[in-house]
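Down below is the structure, laid out as structure tokens.
Just so it is clear, none of the values below were taken in a lab; they were calculated from the coordinates. For clarity, every value in this text was computed on a predicted model and none was experimentally measured. So basically every Cβ, Gly included, is an ideal-geometry build from the backbone, and we count neighbours across all protein chains shown.
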Amino acid sequence: MALEVDCDSRVLRRGSDPRTYGLLLLEAGSRAAGCRLPIPALSRPLSSLEERLQIITAERRSGRLRAARLALVAGILIATAAFMPEPGALHCMLEGLGFQVQVSASY
């Protein structure tokens, strides 16, 4: 089973559509069920094929979720940087509010 899952991952990493690939596996599995020649990867019970299909769809979801999270974090960082006042402006704003601001030149 591990070998088949590894092959599935390699096919999907090359850009194959997971849905199309899954349908191809189902078709090959249904043909192998009626075939008298042994086809090791597809002659296993349906639960094995079902498990492979679940892994294929889980990989697809996790990739999209990871991309969405990355986009969200990037957006938050860009928004934070865009709305950060310059250090001099922050100094003037705090003094205008009545705070005593002391600037040190330590690096």
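Table for the structure above
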quantity	calculated
Mean Cβ count within 10 Å, highest first, over the residues of peptides 14-22, 85-93	14-22, 85-93
Inter-site label distance for Ser30 and Cys92 at 7 Å from Cα along Cβ, in nm	7.2
